[in-house]
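Engineer: Just passing along the structure, written as structure tokens.
The values are calculated or read from the model by the stated rules, or taken from the named source; none is laboratory data. The shown structure was predicted, so the numbers you read here are calculated from the model rather than taken from an experiment. Note: ideal-geometry Cβ built from the backbone for every residue, glycine included; neighbour counts use all protein chains shown. Note: areas computed on protein heavy atoms with side chains; ligands, DNA, RNA excluded. Shrake-Rupley method; radii C 1.70, N 1.55, O 1.52, S 1.80 Å.
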Amino acid sequence: MTASPIAAVRLVAAGLAFAFAGAAGAQDTLKIGEINSYKALPQNLVPYRQGWLLAQEEINAAGGINGRKMETIFRDDNANPGDAVRVAEELITREKVELISGVTLSHVGVALTDFARQRKVFFMASGPLSDKVVWDNGNRYTYRLRSGTYALAASVVPEAAKLKKKRWAVIYPNYEYGQAAVAAFKENLKKLQPDVEFVAEQSPPLGKVDAGAVVQAIADAKPDAIFNVLFGSDLTKLAREGKTRGLFEGREVVSLLTGEPEYLDPLKDETPNGWIVTGYPWYGIQTPEHKAFFLAYHGKYKDYPRLGSVVGYTMIKSVAAGIEKAKSTETPKLIAAFKGLQVDSPFGKISYRAEDHQSTMGAFVGKTKNDNGKGVMVDYTYFDGAKFQPSAADVKKSRAAD
């Protein structure tokens, strides 16, 4: 049986309408590429992704951005700069994402910062702590959310100076983040305490600390205080071995990141008392914006948030706010829109500085406490990241790549 000409026309028209509807649906999806070390850092990045997806769900439920629903394509960088660059290229050329985002490890962040400059693509960095991302290697295409090593180190220095300890030892993972954090700590502490001495330095490879050897070397130097930058499993080994050998008895310790639940929780009954740390005391933050975030996160995942949860949540909220302000995902318009952009976060309102594209997201500084076998932060204060950033004049000197 042969269809009539009119029926045939109607069939073709229906087919074209379906095809156009499919194309329109695809066009209405706003694709974001997200690159991170999911396999290498699950304790950080499972909560990070959960926070991200919670915010994306909220954004889409409210109608999306400029009428478009958001979709994120997640990729693993294998904690390797080369793999991160390869994945970024694939996301742009094959997946047609409209910007790239993410990264936790500093050396990976530096590599993608350079990739963004070369490919002229917008890169929203979440957590690489190396300040090369926004200063030495900073460029017009790259913005960053988390405070970097300089701001984190500077935030604990006033408390370190109050200890009035002259002889310090430093322990750090021997890669970009650890090296930069120690350099910033030394620089800032010497400003407040010119007679300070650094009598020992241990820099094991990331993830491969020989804790016994490190503890013995530090003990032999007889420091008055210790500045530690190890995290993850390296931190756990250091805390255990240091406690066993009595390294921390009668010595003050200042330790970056240790108060974050990602690193404090695994210590359990080996949590030291009285370390000065940066972290995230989710159980004690009573601001309205944090309460709303906590209830939404706990309601969805039946778990408490980690710092990664806050970072992931604020990341996609920042991306959405930037696109909404730009009314476009074109790179030049995004660059312009993010300058001075204000975003609501679980820590309150933050903004992205025009001079270096660094956000003003701050950090909590407090002390560790072993609370019946569980590590918590006490005596903590939130420090606005804007107070620990360099001046616009200093930034201009450092951003040679811009």
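Engineer: Under 8 Å between Cβ atoms, at least 6 apart or on separate chains: pull out the pairs that start in the stretch 55-70 with a residue that is more than 13 Å from I316 (Cβ to Cβ) and modelled with pLDDT under 95 and end on any residue that is assigned to a loop (DSSP other than H, G, I, E, B) and not acidic (D, E).
Structural biologist: Qualifying pairs under 8 Å: N66/K327.
Engineer: While we're on this one: Can you say whether A169 is buried (at least 23 other Cβ atoms within 10 Å of the Cβ), at pLDDT 95 or above and over 20 Å from the mean Cα position of the chain (by Cα), as far as the supplied structure shows?
Structural biologist: yes
Engineer: Can you find, within the stretch 128-147, the residue that is surrounded by the fewest Cβ atoms within 10 Å (Cβ to Cβ) among those that are of a type in the set (D, E, K, R) and part of a helix (DSSP H, G or I)?
Structural biologist: The residue in question is K132.
Engineer: Out of the stretch 252-274, which residues are over 17 Å from the mean Cα position of the chain (by Cα), surrounded by 18 or more Cβ atoms within 10 Å (Cβ to Cβ) and of a type in the set (D, E, K, R)?
Structural biologist: Of everything in the stretch 252-274, just one residue is over 17 Å from the mean Cα position of the chain (by Cα), surrounded by 18 or more Cβ atoms within 10 Å (Cβ to Cβ) and of a type in the set (D, E, K, R), namely E252.
Engineer: Just the residues that are open to solvent by 10 Å² or more (accessible area, probe 1.4 Å) and part of a loop (DSSP other than H, G, I, E, B), please, taken from the stretch 148-164.
Structural biologist: If the condition is that a residue be open to solvent by 10 Å² or more (accessible area, probe 1.4 Å) and part of a loop (DSSP other than H, G, I, E, B), then L163, K164 are the ones that fit.
Engineer: Scan the stretch 231-253 and report the pairs whose first residue is closer than 19 Å to P204 by Cα and at pLDDT below 95 and whose second residue is of a type in the set (G, A, S) and open to solvent by less than 80 Å² (accessible area, probe 1.4 Å), with Cβ atoms within less than 8 Å and a gap of 6+ or a chain change.
Structural biologist: Short answer, once both residue conditions are applied: G232/G207; S233/G207.
Engineer: Test E89 against the criterion of being out of contact with any helix residue (DSSP H, G or I) (no Cβ under 7 Å at 6 or more places or on another chain), within 25 Å of T331 (Cβ to Cβ), among the charged types (D, E, K, R) and modelled with pLDDT of 95 or more, and give yes or no.
Structural biologist: yes
Engineer: Look at the stretch 174-225 and say how many of its residues are touching a residue at least 40 places away in the same chain (Cβ under 8 Å), more than 18 Å from V156 (Cβ to Cβ) and assigned to a strand (DSSP E or B).
Structural biologist: 0
Engineer: Among the residues of the stretch 100-127, how many are modelled with pLDDT of 95 or more and open to solvent by less than 10 Å² (accessible area, probe 1.4 Å)?
Structural biologist: Selection size over the stretch 100-127: 14.
Engineer: Let me spell it out: the conditions are (1) touching an Asp or Glu at 6+ places or on another chain (Cβ under 9 Å); (2) touching a residue at least 40 places away in the same chain (Cβ under 8 Å); (3) over 17 Å from A160 (Cβ atoms); (4) of a type outside the set (K, R), and L264 meets all of them except one. Which number is the exception?
Structural biologist: Looking at each condition in turn, L264 falls short on (1).
Engineer: Another one. Do you know which of the residues in the stretch 208-233 that are in contact with a Leu (Cβ under 7 Å, 6 or more places away or on another chain) and farther than 20 Å from K166 by Cα is surrounded by the most Cβ atoms within 10 Å (Cβ to Cβ)?
Structural biologist: Ranking the qualifying residues of the stretch 208-233, first place goes to L230.
Engineer: Among A320, A393, A337, which is the only one that is among the hydrophobic types (A, V, I, L, M, F, W, C), farther than 30 Å from R240 by Cα and touching a residue at least 60 places away in the same chain (Cβ under 8 Å)?
Structural biologist: Just a single option satisfies the conditions, and that option is A320.
Engineer: Which of the residues belonging to the stretch 243-278 are out of contact with any strand residue (DSSP E or B) (no Cβ under 9 Å at 6 or more places or on another chain) and either closer than 14 Å to Q43 by Cα or assigned to a helix (DSSP H, G or I) (or both)?
Structural biologist: K243, T244, E262
Engineer: Let me ask another. In this structure, does E176 turn out to be touching a strand residue (DSSP E or B) at 6+ places or on another chain (Cβ under 7 Å) and surrounded by fewer than 23 Cβ atoms within 10 Å (Cβ to Cβ)?
Structural biologist: no
Engineer: Another one. Quick check on D77: is it among the charged types (D, E, K, R) and either open to solvent by less than 20 Å² (accessible area, probe 1.4 Å) or modelled with pLDDT under 95 (or both)?
Structural biologist: Against the criterion (among the charged types (D, E, K, R) and either open to solvent by less than 20 Å² (accessible area, probe 1.4 Å) or modelled with pLDDT under 95 (or both)), D77 qualifies.
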